Amino acid sequence: MRTLKLIAAAAAVLVLAALGAVYGLLRASLPQLDGRIPHAGVGAPVRIARDARGVPTIEAADRVDLAYATGFLHAQDRFFQMDLARRLPAGELSELFGAVALDQDRRARLFRFRALARAVVAAASPAQRALLDAYTRGINAGLASLGARPWEYWVLRQAPAAWRNEDSVLVGEYAMWWDLQVNGLQREMLRQEINTRLGGPECAAGWKCALGFLYPAGTSWDAAAEPVAAASEPVPVPDAAVLNVRDNGATSAPDGPALSAPAAGSNNWAVAGSHTASGAALIANDMHLGQRVPTVWYHARLRIKAHEGVAELDLNGVTLPGVPMLIAGSNGHIAWGFTNSYGNWFDVAPAACTAPQGGAPFTVVHEEIRVRGRQSVGVDVTSGPLGVLWRTDPATQRCWFVAWLAQLPEATNLNLMELEHALSVEGALALAPDIGIPHQNAVLGDREGHIAWTIFGRIPEDVGPGRARGGGRWTTAADHPRIVDPALGRLWTANARVATDPRQLQLIGGDLARFGAEYNLGARAGQIRDDLMALAGPATPADMLRIQLDDRAVFLDRWRTLLLTVLDAHALQGHPGRAQFRELIERWNAQASVDSVGYRLVRAYHDRTQQAAWDMLLSGLRVPHDEADWPPEQFEGPLWQLVTTQPLHLLAKDHADWPEFLRSQVDATIADVSASCPQLARCTWGARNTVRIRHPLSRALPQLRWLIDMPTLELPGDQNMPRVQNGTQGASERFAVSPGHESEGYLHIPGGQSGHPLSPYYRAGFMEWARGEPLPFLPGPAEHTLTLTP
């Protein structure tokens, strides 16, 4: 017995020793917060002060030292995040994670982004390369300063690879090209497939018969930031001679539950100084991205005090770990924020899988993907005159080629760095045509109260097919899209159509301008516009936060009204489930609040009906099921025409009439919701909109989720309203600021500054973000100070 006790005690000691060793390794990878680090590679001392939430203020003598110190901090707090961000577009995730990441890497390798990133660095100006060099040295020094490698690499049993200049281009440019635009490739393939089955160009130019009905240029939800001369008429419902779903054997039942809606974009807006309390312009921005741990952005203040001919620089806002610049915020003279700009940024062309006789031959470049735990995998990248080979369809012997602006080296550059020196809206607009980033709606405002919208991102002058293949001219300051100081004194974007000028719309949408150019529906933009116009007095940052948190169900109100009509006394007879459904939506509070059952049911019905109608139309066109996708954003207009005008030839034969179709969607919705929530009266929106913001290694470490993930919460908000929150897709930051009045602004992000779970800054600010409580735009008083010395 005594022997057993000794063995048990020894085992306990070993377990405790192992746990202590693990804890010691974890602690060793925490960054140094105080003191001095000599020989740090800077030309003059750099002071790094952190406030109670870990938000740093970096003060340096010049911009090169500032870049070095920014890289130093980014690496100490977020290196694993930076590593994943460079590997995603480069197609190098398999080297860390093994074969599970091969499919993603194969897709990314087709565009050879690492080679493009090297070309961008080579083409950068000497000043830009100097900042990149310093930032890269700072990253590698920051990584080396840790007592142990970041904790994720112990889990993966890997060593972190050194940072290179091109990696910053991969993170700041090509990861965003991929994240914000690549999904449009599949949608464009579907549009072309539909056009082919409608008869192509010979079908009265295709779009005039039915394609324009399915892909309208706009709807009643349009909320452009300029007055529209005349409201556009909806595209007529195509007659039976053009599209006859009923006689084509179409079915309306989706295969399984309705698909999840595509991720909503972002919000930004500007209020002119004539309408603000400060007299300066007021900029608000909440970029909606996939939320993860650590959070996308890194809140920071980057300062150079004026001395000996060196101009003062004071940058405040969000930086992106992996990039040596401020992404959005204020430089004291101007403030700016972004939303993704949809448009025609690539060409997708079906063609024969062999080069035409006498034509330009295909070129093949061999790429090697390193795979953890196994041999490298080769990928042959085939290119031709129409672009890179994206997909092959053996059944049709047809290949899809893609030409994407992201593939043109001249479309990407580091000129966004120059924005930090702009002194006015006019100065920022002059930079816009030459800023090479994935296309963004930039809203700008300055201290004098001026506001503007423009596109940051290079735009081809050519508006026809093939514009993404290069070789043509780019827009200049003379014709680059912009709106300056509108009469309303307000500008807003929200990923919807902003301009109304036909030439500007063509430059953005190219030959797809007549098909909506992937613009967001506009319901969110319209609600923001109405909120801005309803402000009773001069606007303040607090007013901006109230708009960002607006979760009123304006968009779905007419669908609730439709449902109450569909569920009349006849429809309820013998259907207790329908009767309960009607009772619950009658009592809704018209908000996407966590306690609302009615909102969840109306939202589910809308999605189910939309998917069924879209699938029915595709089935009538005999589009293969594997080509199907979520309907285009602007399909809401045609959908509403279908359910209100109810043309019988566009209804599948498995329904006697449209009222019966609409009632069947109620039954399908009840079945969908009940599958995960059997008691309908308890199926709140919060139970559906439960937000789990997780670390990338969370699935592999379920026993440590309590430590490495953010708290699981039910949150209000949805897609088509200002407060966007749909699962983990939501506000990656919220801020509002007037340049020159930064102390009055706010900024919060869904997580802390640090990527280390033992850091006090790992979750700092998360609950304030979740509750919509403002946190200061400027860092607070210093609690820790670190000095980097030459």
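The values are calculated or read from the model by the stated rules, or taken from the named source; none is laboratory data. Since the model is a prediction, treat every value here as computed from it, not as a measurement. So basically every Cβ, Gly included, is an ideal-geometry build from the backbone, and we count neighbours across all protein chains shown. We work out accessible area using only protein heavy atoms, side chains counted, and drop any ligands, DNA or RNA first. Shrake-Rupley method; radii C 1.70, N 1.55, O 1.52, S 1.80 Å.
The residue pairs whose first member lies in region 448-470 and is closer than 12 Å to residue 408 by Cβ and aromatic (Phe, Trp, Tyr), whose second member is open to solvent by less than 30 Å² (accessible area, probe 1.4 Å) and in a helix (DSSP H, G or I), and whose beta carbons are closer than 7 Å, counting only pairs six or more residues apart or on different chains, do not exist in this structure. Figure legend. Inter-residue proximity from region 159-172: first residues open to solvent by less than 40 Å² (accessible area, probe 1.4 Å) and part of a loop (DSSP other than H, G, I, E, B), second residues of a type in the set (A, V, I, L, M) and at pLDDT 95 or above, beta-carbon distance below 7 Å, spacing 6+ or different chains. Indicated pairs: 160/143; 163/139.
Annotation: residue 387 fulfils all but one of (1) under 28 Å from residue 127 (Cβ atoms); (2) surrounded by 21 or more Cβ atoms within 10 Å (Cβ to Cβ); (3) of a type outside the set (D, E, K, R); the unmet one is (1).
To keep it simple, each residue is scored yes or no on (1) within 13 Å of the chain's Cα centre (by Cα); (2) more than 30 Å from residue 79 (Cα to Cα).
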{"residue": "160", "(1), (2)": "no, no"}
{"residue": "163", "(1), (2)": "no, no"}
{"residue": "169", "(1), (2)": "no, no"}
{"residue": "175", "(1), (2)": "yes, no"}
{"residue": "178", "(1), (2)": "yes, no"}
{"residue": "182", "(1), (2)": "yes, no"}
{"residue": "192", "(1), (2)": "no, yes"}
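Evaluate region 680-700: report whether one residue or more is open to solvent by 60 Å² or more (accessible area, probe 1.4 Å), at pLDDT below 95 and over 24 Å from residue 715 (Cβ atoms). So far as region 680-700 goes, yes, one or more of its residues are open to solvent by 60 Å² or more (accessible area, probe 1.4 Å), at pLDDT below 95 and over 24 Å from residue 715 (Cβ atoms). When restricted to residues that are touching a residue at least 24 places away in the same chain (Cβ under 8 Å) and more than 15 Å from residue 55 (Cα to Cα), region 292-310 contains 6. Quick check: anything in region 533-541 polar (S, T, N, Q), over 23 Å from residue 214 (Cβ atoms) and open to solvent by less than 20 Å² (accessible area, probe 1.4 Å)? The answer is no, given that none of the residues of region 533-541 is polar (S, T, N, Q), over 23 Å from residue 214 (Cβ atoms) and open to solvent by less than 20 Å² (accessible area, probe 1.4 Å).
Taken over region 626-647, residues that are assigned to a helix (DSSP H, G or I) and touching an Asp or Glu at 6+ places or on another chain (Cβ under 7 Å) amount to 2. Residues in region 430-443 that are open to solvent by 10 Å² or more (accessible area, probe 1.4 Å) and more than 19 Å from the chain's Cα centre (by Cα): 3 in all. Quickly run through region 480-504 and pick out the residues that are touching a residue at least 12 places away in the same chain (Cβ under 8 Å) and not in a loop (DSSP other than H, G, I, E, B). Answer for region 480-504, where residues must be touching a residue at least 12 places away in the same chain (Cβ under 8 Å) and not in a loop (DSSP other than H, G, I, E, B): 482, 483, 484, 490, 491, 492, 503, 504. Can you pull out every residue in region 390-414 that is in a loop (DSSP other than H, G, I, E, B) and either of a type outside the set (Ser, Thr, Tyr) or touching an Asp or Glu at 6+ places or on another chain (Cβ under 9 Å) (or both)? Hits for region 390-414 are 394, 395, 397, 408, 412, 413, 414. If the condition is being closer than 30 Å to residue 132 by Cβ and among the polar types (S, T, N, Q), then region 379-430 contributes 383, 407, 412, 413, 415, 424. Criterion first (open to solvent by less than 10 Å² (accessible area, probe 1.4 Å), at pLDDT 95 or above, of a type outside the set (Val, Ile, Thr) and in contact with a strand residue (DSSP E or B) (Cβ under 8 Å, 6 or more places away or on another chain)) does residue 732 satisfy it? Yes, satisfied. Considering the conditions (1) assigned to a loop (DSSP other than H, G, I, E, B); (2) on the phi < 0 side of the Ramachandran plot; (3) open to solvent by 40 Å² or more (accessible area, probe 1.4 Å), residue 39 is excluded by exactly one of them, (2). Number of residues in region 543-572 that are under 25 Å from the mean Cα position of the chain (by Cα) and small (Gly, Ala, Ser) equals 1.
Total residues in region 376-389 satisfying the condition of being assigned to a strand (DSSP E or B) and touching a residue at least 60 places away in the same chain (Cβ under 8 Å): the figure is 6.
Of all residues in region 451-479, those that are β-branched (Val, Ile, Thr) and part of a loop (DSSP other than H, G, I, E, B) total 4.
Note on region 194-206: among residues that are part of a helix (DSSP H, G or I) and either among the hydrophobic types (A, V, I, L, M, F, W, C) or at pLDDT 75 or above (or both), the one that is least open to solvent (accessible area, probe 1.4 Å) is 194. Report, ordered by the first and then the second residue, all pairs with beta carbons closer than 7 Å, sequence separation of six or more or different chains, a first member in region 118-134 that is among the polar types (S, T, N, Q), and a second member that is crowded, with 19+ Cβ neighbours inside 10 Å and assigned to a helix (DSSP H, G or I). If the second residue must be crowded, with 19+ Cβ neighbours inside 10 Å and assigned to a helix (DSSP H, G or I), the pairs left are 128/417.
Every residue, every condition in (1) surrounded by fewer than 21 Cβ atoms within 10 Å (Cβ to Cβ); (2) modelled with pLDDT of 95 or more; (3) touching a helix residue (DSSP H, G or I) at 6+ places or on another chain (Cβ under 6 Å); (4) part of a helix (DSSP H, G or I), yes or no:
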| site | (1), (2), (3), (4) |
| --- | --- |
| 92 | no, yes, no, no |
| 95 | yes, yes, no, yes |
| 101 | no, yes, yes, yes |
| 108 | no, yes, yes, yes |
| 122 | yes, yes, no, yes |
| 129 | yes, yes, no, yes |
| 134 | no, yes, yes, yes |
| 139 | no, yes, yes, yes |
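From 154, 177, grab the single residue that is open to solvent by less than 20 Å² (accessible area, probe 1.4 Å) and of a type outside the set (S, T, N, Q). Testing whether each residue is open to solvent by less than 20 Å² (accessible area, probe 1.4 Å) and of a type outside the set (S, T, N, Q) leaves just 177. Considering region 479-497, the residues that are farther than 21 Å from residue 416 by Cβ and out of contact with any Lys or Arg (no Cβ under 8 Å at 6 or more places or on another chain) include one that is surrounded by the most Cβ atoms within 10 Å (Cβ to Cβ), namely 497.
Inspect region 444-451 for any residue being buried (at least 22 other Cβ atoms within 10 Å of the Cβ) and within 22 Å of the chain's Cα centre (by Cα) and give the result as yes or no. Within region 444-451, one or more residues are buried (at least 22 other Cβ atoms within 10 Å of the Cβ) and within 22 Å of the chain's Cα centre (by Cα).
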